[in-house]
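*Asks:* Mind having a look at this structure? Questions to follow.
The values are calculated or read from the model by the stated rules, or taken from the named source; none is laboratory data. All of these numbers come straight from a predicted model, not from anything done at the bench. Here the Cβ positions follow ideal geometry from the backbone for every residue, glycine too, while neighbour counts run over all protein chains shown. Quick note on the areas: whole protein, heavy atoms, side chains included, nothing else; ligands and nucleic acids left out. Shrake-Rupley method; radii C 1.70, N 1.55, O 1.52, S 1.80 Å.
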Amino acid sequence: MAKQVTVTKRDGRVTVDTDLNYLFSTMRNGTYHLIIKRASEARTIAQNDLMWMWMQCIEHETGTPKQDVYSYYCKKFLMKTIRIGERLEKVYDTTSKLNTKQMSDFMNKVQADAASELGIQLPIPEDRYFEEFYQQYNV
């Protein structure tokens, strides 16, 4: 059975969320591999909020319900092919499973697609008129 330990390094100090001596004492005899990899953070609330403001804006501009716009972009940018037995099937994830980098990539693709395919400019918080956009589409 795999055990998970979270190690955090901050300001040069390392902390571990588990007593390693106890953890090792619970393990059966054998050889183990210890792998340390950087944890990725889940998408942020701010990313999610901005994405839904963008979906609201696209709904306003096109008349397509924002949930349908969201499904369209998930299908367009999060599609993958999986094997079920001998069959290949196309499926797509939702953004709830994305980490911050993946969510950023997804949003950059949505922003570019909306501009090129729909003629809709979707601002980010650093943009000049973002506050007006926020006031209009923050639901």
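*Asks:* Contact list please: Cβ distance under 9 Å, first residue in region 79-91 and acidic (Asp, Glu), second residue surrounded by 10 or more Cβ atoms within 10 Å (Cβ to Cβ) and in a strand (DSSP E or B), pairs at least six apart or on different chains.
*Replies:* Here the result reads none, with nothing in region 79-91 linked to a residue that is surrounded by 10 or more Cβ atoms within 10 Å (Cβ to Cβ) and in a strand (DSSP E or B).
*Asks:* Can I ask one more? Please go through region 9-24 and pick out each residue that is open to solvent by less than 60 Å² (accessible area, probe 1.4 Å) and either aliphatic (A, V, I, L, M) or in a strand (DSSP E or B) (or both).
*Replies:* Across region 9-24, the qualifying residue is only Leu23.
*Asks:* Being without any contact (Cβ under 8 Å) to a residue 60 or more places away in the chain and over 19 Å from the mean Cα position of the chain (by Cα) is the requirement here; does His60 meet it?
*Replies:* Numbers: without any contact (Cβ under 8 Å) to a residue 60 or more places away in the chain: no; over 19 Å from the mean Cα position of the chain (by Cα): yes.
The answer is no for His60.
*Asks:* Pairs please, first residue from region 120-139 and in contact (Cβ under 8 Å) with a residue 40 or more places away in the chain and farther than 12 Å from Asp49 by Cβ, second anywhere and open to solvent by 100 Å² or more (accessible area, probe 1.4 Å) and of a type outside the set (Lys, Arg), Cβ atoms under 8 Å, 6+ apart in sequence or on different chains.
*Replies:* Hits for this filter: Ile120/Glu61.
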